[in-house]
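The values are calculated or read from the model by the stated rules, or taken from the named source; none is laboratory data. Being a predicted model, the structure only gives us computed values, none of them experimental. Neighbour counts are summed over all protein chains in view; Cβ atoms, including those assigned to glycine, are modelled from backbone coordinates with ideal geometry. SASA here: full protein model, heavy atoms, side chains in, ligands and nucleic acids out. Shrake-Rupley method; radii C 1.70, N 1.55, O 1.52, S 1.80 Å.
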Amino acid sequence: MNKKYIAIIAGVVVLLIGIFCFFKFKPSSLDKVLKEANAYKSYELVCNMEMLENDELKSYQVTSTFAHIGEKDYYKVELYDKSLNQAQVIVRNDDGVFVLTPSLNQAFQFKSEWPNNSPKPYIYQSLLSFLKDNKPEKVKDGYLVNGNMAYENDDRVKTQEVKFDKNLKPIYVNVYDKDGTEVIKLTASSFKVNQDLKKDQFAQETIMKQTQNQYTSASSALPLYPVALMGSTLENEKVSQIDNTTNHILKFTGEKSFTIIESALSKQDAMSVQTIGGDMIDLVDGIAFQDDNQMTYVSSGIVCSLYSNDLTKEEMLSVLSSMQATNVK
């Protein structure tokens, strides 16, 4: 074989190797758009969320806002309960983490890593992490991602499906239990990025002023009753007045006894902030906090406190998250 042919063959081999390396190591279009998505300085995601709780379907409008300002991340999530015309706002700012009930001008302050301590279907960073950790399927109009999922305080959650458009705008999030039953369904209606957001928009005082007159009181919803009874039955219930606050007291006895005290927060003229020393338990549609044998659940202007020496933390959560307007007697 003469030198001419050897040179041609060598050139072809080098060309093929070059083409192979180009396509193998060339960043894909998904890699490029994922890098751009992770670099967003701000976003606002508006979506409708439905949650199945003990055969009761709860419906929320969720507005999730994020901004990276300076060296810090700021978050604000407004959970609007459509059936109660009540909203709860969770915000992370320079002062910490706050849970606000705007219609009542009241707030709880926590020491917490929220929202980074557990995945959330309405936090865009959680969805991007899910995409990165699983193998996305390229479909005609975007990307579909399926994989195992665990929410820290909801042991029903086993798998999740997320759909993005070609630019990684979230389209929907479906969350399933071990039987494949859909327990959370979130459908995005709006997603805006890189808006000019200011720190003041994440301040609890600003949020209160902007939203406190938009919603109504939820006091008429009381009393609520748990569906998850842990082998106990309702022994008695009574109503008491303490400092102009109406308390509904439900006592359950049986295999695992417990007492629930529930009340509607009353509106304050000046913003009231209660600092909570116990651990914040971050739920998809609300928050709870625990201190020894007491766990308190706050949602839509209603506070439910459960006291028990028999229930575990997980069982307390199951009872409180099953509260609804159904008499168990």
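Miscellaneous remarks
- At full extension, Lys132 and Asp291 could sit 53.6 nm farther apart than now, given 0.36 nm per residue minus the alpha carbon distance.
- Extending 7 Å from Cα along the Cβ direction at Thr312 and again at Glu161 yields two label points whose distance is 3.1 nm.
- The stretch 233-329 shape via C-alpha gyration tensor axes, a/c threshold 1.5: oblate
- Most mobile listed residue (Ile281, Ile69, Ile249) in the chain, GNM with C-alpha springs under 10 Å: Ile69
- When a 1.4 Å probe is rolled over the protein heavy atoms, the share of accessible surface on the chain that falls to carbon and sulfur comes to 50 percent.
- Once you divide the Cα radius of gyration of the chain by 2.2 N^0.38 Å, the number left is 1.25.
- Extension gain from Ile249 to Lys111, taking 0.36 nm per residue of separation minus the Cα-Cα distance: 46.8 nm
- Label point distance in nm, Asn236-Asp31, each placed 7 Å from Cα along Cα→Cβ: 7.1
- Of all segments of the chain bounded by GluC sites (Glu not before Pro) found in a DSSP loop with no more than 13 other C-beta atoms within 10 Å, the longest spans 153-254.
- Per residue accessible area in Å² of the chain, where ligands, DNA and RNA are left out and the probe is 1.4 Å: 52
- Computed with every protein chain present, the accessible area of His68 is close to 60 Å² [probe 1.4 Å].
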